[in-house]
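Participant: Let me give you the structure first, and then I'll get to my questions.
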Amino acid sequence: MHDKKLTWRELVLVASLIFGMFFGAGNLIFPVQLGQLSGGHWVLATIGFLVTGTVVPFLAMLAVSVTRSRSVYDVATPVGHWFGLAFLVAIHLTIGPFFGTPRTAATAFSMGIAPFIAPKYQSLGMLIFSALFFGLAYFLTVKETGLMKWVGKYLNPVFMILLITVLLMALFMPMGNTSQAVSSAYQSHATFQGLLDGYNTMDGIALLAVAVSVVYAVRGLGFRDHQVSSVLAKAGLLSIVAEAILYTALVLLGVSSLGQFKVAANGGDAFAQIIAHYAGNFGTALTGVVVTLAVFTTAMGLFVSFAQDLHLAFPKVSYLWFLRIIALGSFVTANAGLTNIVAWSVPVLMLLYPFALVLILLSLTGKFFDKSPLVYRSVVGFVAMPAFLDALAASPFMSSHTAQQLIGAYHQVVPLSSLGFGWVVPALLGAVMGEVLLGVSRVAQRQNQIIEGD
């Protein structure tokens with residue numbers, strides 16, 4: 001039996017599926033917000049944003065394909081079985097019912113529905129909207145084979161047509177130039193701030209989790225197991241390049257908007273203002289359509305990934321039951337309000353991203369240390385404390401005097417910690433320590449073999 005050849009149409013279809021899963025509301029509004037805040041320093045800020053917003057997700061896709069992982073558990077399990085399970089659950093709760101999927105419905109409602117509803121009916125409106133939103137997402141993802149059809153073929157192209165129309169209007173009728181005021185966070189460390197802003201997309205950790213859904217889709221197209229990695233890498237690269245181009249266009253859209261508007265409270269408000277500027281009274285309705293399509297495709301991908309991965313980890317609970325759990329959990333959390341969701345997601349992402357990044361790099365470089373658990377455990381162990389402290393520094397608990405003293409000392413001692421990257425140097429130290437331990441272990445094994453030979 002000959003291997004199936006990847007056609008251009010199939011490559012675009014899989015790339016469209018990947019793009020549709022990851023380009024949601026956050027990917028739409030955060031670049032616009034970055035553009036408004038970075039102003040004249042938009043180039044440096046965008047470089048940082050693209051690293052964590054596109055390069056890291058692509059590396060995550062490669063890590064999944066290279067290790068032939070079936071889930072996040074396979075990527076993390078060299079550290080240990082319980083760490084693998086804990087990391088899998090933590091990631092899926094974060095991009096699933098705790099933050100990611102609730103944010104999709106909350107963002108769609110706040111930008112597309114809320115403006116048409118009186119303040120006293122906002123809560124009831126959100127309740128009804130989120131019930132319909134997650135109910136439909138559940139219905140369309142009950143059968144895994146339906147994912148490619150709905151996301152890759154129908155919803156994503158419609159969303160892209162609407163979004164590209166807006167960007168073309170902005171290109172030919174710009175609101176202002178790119179020499180705009182720069183906010184304080186981007187004055188001296190624009191690239192580092194852009195790196196942290198890229199965390200908000202959640203794509204770095206989402207790629208580790210949702211890639212398994214793409215694997216199912218590729219197999220469904222008739223490709224054999226040993227071909228999946230190659231197809232996944234090619235389609236992932238295509239989708240990430242497209243995403244990088246779109247990100248840059250959205251950042252420029254945000255920068256130029258300062259010629260007409262002041263910096264908005266958030267990227268959602270900024271995007272709504274821009275749409276209204278170009279589309280007039282029709283703008284608000286158009287914004288609602290674009291955002292709802294964007295977040296709905298993301299929600300579908302996260303639903304399937306959550307159910308598939310957790311069913312693999314806990315096979316006694318069915319795929320369907322995990323699908324019900326994320327649908328119900330997302331519905332409940334979404335009604336807590338978008339402000340609360342965003343506020344609590346930042347410290348959680350600051351905690352999880354260091355682990356995700358080192359696991360991605362360890363997966364890609366595993367052949368150089370024989371994928372030794374010693375190296376994995378050493379790196380992860382060194383990263384744990386700074387990741388926790390970076391999360392604490394970004395959390396609401398920083399109002400505590402004790403927390404302020406602890407973080408102040410941490411920033412004075414650990415390089416890059418004041419910029420949110422205190423885990424980098426410890427990770428390098430952990431890698432060196434792991435290699436030393438691995439070398440000592442190999443020497444000890446050789447000595448034992450010599451003794452046994454005698």
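The values are calculated or read from the model by the stated rules, or taken from the named source; none is laboratory data. On a predicted model such as this, the values are computed, not experimentally measured, just so you know. Cβ coordinates were reconstructed from backbone atoms using ideal geometry, including for glycine residues, and neighbour counts include every protein chain displayed.
Participant: Can you go through ALA181, ALA131 and tell me which one is surrounded by fewer than 20 Cβ atoms within 10 Å (Cβ to Cβ), over 30 Å from LEU352 (Cα atoms) and either modelled with pLDDT of 85 or more or assigned by TED's automatic domain parsing to the domain that holds ARG70 (or both)?
Facilitator: ALA181
Participant: Filter the stretch 90-126 down to residues that are closer than 20 Å to PHE322 by Cβ and part of a helix (DSSP H, G or I), then give me how many there are.
Facilitator: 15
Participant: Has the stretch 362-372 got at least one residue that is exposed (fewer than 15 other Cβ atoms within 10 Å of the Cβ), over 27 Å from VAL64 (Cβ atoms) and outside the structural domain of MET61 (by TED's automatic domain parsing)?
Facilitator: no
Participant: Check the stretch 349-362 and report whether any residue there is free of Cβ contacts under 8 Å to residues at least 12 places away in the same chain and either out of contact with any Cys (no Cβ under 6 Å at 6 or more places or on another chain) or β-branched (Val, Ile, Thr) (or both).
Facilitator: Within the stretch 349-362, not a single residue is free of Cβ contacts under 8 Å to residues at least 12 places away in the same chain and either out of contact with any Cys (no Cβ under 6 Å at 6 or more places or on another chain) or β-branched (Val, Ile, Thr) (or both).
Participant: Being touching a residue at least 40 places away in the same chain (Cβ under 8 Å) and more than 17 Å from THR107 (Cβ to Cβ) is the filter here; which residues of the stretch 262-278 pass it?
Facilitator: Across the stretch 262-278, the qualifying residues are VAL263, HIS277, TYR278.
Participant: Can you pull out every residue in the stretch 74-83 that is surrounded by 22 or more Cβ atoms within 10 Å (Cβ to Cβ) and within 19 Å of the chain's Cα centre (by Cα)?
Facilitator: Within the stretch 74-83, VAL75, ALA76 qualify.
Participant: Checking the structure you have, find out if any residue of the stretch 429-437 is surrounded by 14 or more Cβ atoms within 10 Å (Cβ to Cβ) and not in a helix (DSSP H, G or I).
Facilitator: Checked against the condition, which is being surrounded by 14 or more Cβ atoms within 10 Å (Cβ to Cβ) and not in a helix (DSSP H, G or I), the stretch 429-437 yields no hits at all.
Participant: Criterion first (outside any helix (DSSP H, G or I) and either without any contact (Cβ under 8 Å) to a residue 24 or more places away in the chain or not aromatic (Phe, Trp, Tyr) (or both)) does VAL317 satisfy it?
Facilitator: Against the criterion (outside any helix (DSSP H, G or I) and either without any contact (Cβ under 8 Å) to a residue 24 or more places away in the chain or not aromatic (Phe, Trp, Tyr) (or both)), VAL317 qualifies.
Participant: Scan the stretch 8-29 for residues that are assigned to a helix (DSSP H, G or I) and of a type in the set (Phe, Trp, Tyr) and jot them down.
Facilitator: If the condition is that a residue be assigned to a helix (DSSP H, G or I) and of a type in the set (Phe, Trp, Tyr), then TRP8, PHE19, PHE22 are the ones that fit.
Participant: Look through ALA86, ALA45 and report the one residue that is in a helix (DSSP H, G or I), small (Gly, Ala, Ser) and either in contact with a Leu (Cβ under 9 Å, 6 or more places away or on another chain) or crowded, with 24+ Cβ neighbours inside 10 Å (or both).
Facilitator: ALA45
Participant: Which one of these does SER69 not meet: (1) farther than 24 Å from LEU196 by Cβ; (2) assigned to a helix (DSSP H, G or I)?
Facilitator: For SER69, the exception is condition (2).
Participant: Can you confirm whether VAL32 is in the same structural domain as THR201 (by TED's automatic domain parsing), outside any loop (DSSP other than H, G, I, E, B) and over 19 Å from PHE271 (Cβ atoms)?
Facilitator: For VAL32, the condition - in the same structural domain as THR201 (by TED's automatic domain parsing), outside any loop (DSSP other than H, G, I, E, B) and over 19 Å from PHE271 (Cβ atoms) - is not met.
Participant: For the stretch 320-343, which residues satisfy the criterion of being within 30 Å of GLY194 (Cβ to Cβ) and crowded, with 16+ Cβ neighbours inside 10 Å?
Facilitator: SER330, THR333, ALA334, GLY337, LEU338, ILE341, VAL342
Participant: Taking ILE450 as the residue in question, decide whether it is of a type in the set (Val, Ile, Thr), over 25 Å from PHE83 (Cβ atoms), in contact with a Leu (Cβ under 7 Å, 6 or more places away or on another chain) and not assigned by TED's automatic domain parsing to the domain that holds THR67.
Facilitator: It is false that ILE450 is of a type in the set (Val, Ile, Thr), over 25 Å from PHE83 (Cβ atoms), in contact with a Leu (Cβ under 7 Å, 6 or more places away or on another chain) and not assigned by TED's automatic domain parsing to the domain that holds THR67.
Participant: If you check every pair at least six apart or on different chains, which have Cβ atoms under 8 Å apart with a residue in the stretch 395-421 that is loosely packed, with under 13 Cβ neighbours inside 10 Å first and a residue that is at pLDDT 90 or above and hydrophobic (A, V, I, L, M, F, W, C) second?
Facilitator: Close Cβ pairs satisfying both conditions: PRO415/VAL424; PRO415/VAL425.
Participant: Return the residues of the stretch 273-291 that are under 30 Å from VAL210 (Cα atoms) and either buried (at least 23 other Cβ atoms within 10 Å of the Cβ) or among the acidic types (Asp, Glu) (or both); say none if nothing qualifies.
Facilitator: THR287, VAL290, VAL291
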